[in-house]
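Right, one structure below, let's go through it.
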Amino acid sequence: QVQVKESGGGLVQAGGSLRLSCEVSGNFRSYTLGWFRQRPGEMREFVASDYWVANLTEYADFVKGRFTISKDAAKNMVLLQMNNLEPDDTALYYCAGRPYYQRYSHDGFNTWGQGTQVTVSS
């Protein structure tokens with residue numbers, strides 16, 4: 001059974017940076033790992049994803065050039081480096097997993113963490 005657990009959220013000023021970490025356990029070698037977020041009063045939305053066994057990254061249009069998803073294979077972790085943060089990035093950020101790769105699809109994620117809060121002040 002695959003499990004994910006996020007960490008690294010916090011309070012940061014606009015223009016600042018944060019790095020979120022997602023620790024992954026279980027049989028996840030065939031998984032796509034992703035980051036989603038839910039802003040106050042909004043639906044949960046896709047942020048970024050990567051296929052564990054290959055560098056097949058995808059990003060939401062609103063984060064391109066500011067956020068970078070990466071893997072630390074030695075630590076079984078997926079990272080989300082967030083730079084130039086804006087108040088609109090304030091959200092609960094979730095790590096999620098899906099047991100396959102499908103290009104340009106952000107559905108089918110069936111493993112979720114509890115989320116980590118990111119708050120960006122203006």
Task: Cβ charges +1 (Lys, Arg) and -1 (Asp, Glu), total dipole of the stretch 27-85, debye - done: 140
TODO: Give the carbon-plus-sulfur fraction of the accessible surface of the stretch 63-122 in %, rounded to a whole number; probe 1.4 Å, heavy atoms of protein chains only.
DONE: 45
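At 0.36 nm per residue, and after removing the present C-alpha to C-alpha distance, how many nm does the segment from Tyr104 to Asn27 gain when stretched out fully?
25.4 nm
Rounded, prolate or oblate: which one fits the stretch 47-103, using the alpha carbon gyration tensor with axes a ≥ b ≥ c (rounded when a/c is under 1.5, else prolate when a/b beats b/c, else oblate)? Don't skip to the answer; put the middle values down first.
Values: a/c = 1.88, a/b = 1.63, b/c = 1.16.
Prolate, because a/c is 1.5 or more and a/b exceeds b/c.
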Open item on the list: Order Met43, Met77 by their accessible area, 1.4 angstrom probe, all chains in place, largest first.
Closed with: Met43, Met77
Open item on the list: What's the magnitude of the charge dipole for the chain around its Cα centre, counting Lys and Arg as +1 and Asp and Glu as -1 at the beta-carbon? Answer in Debye, nearest 20.
Closed with: 300
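Per residue, how much accessible area does the chain show when a 1.4 Å probe rolls over the protein heavy atoms, in square angstrom? Spell out each step's value before the answer.
Details: 6420 Å² over 122 residues.
On a per-residue basis, 53 Å².
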Task: Mean separation of Cα contacts under 8 Å, 6 or more apart, over the residue count of the stretch 67-122: relative contact order % - done: 35
Open item on the list: What whole-number distance in Å separates the alpha-carbon centres of the stretch 58-122 and the stretch 28-45?
Closed with: 6
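The values are calculated or read from the model by the stated rules, or taken from the named source; none is laboratory data. Everything numeric in this text was worked out from a predicted model, so none of it was measured. Cβ coordinates were reconstructed from backbone atoms using ideal geometry, including for glycine residues, and neighbour counts include every protein chain displayed. Note: accessible area is taken over every heavy atom of the protein model, side chains too, but ligands, DNA and RNA are not part of it. Shrake-Rupley method; radii C 1.70, N 1.55, O 1.52, S 1.80 Å.
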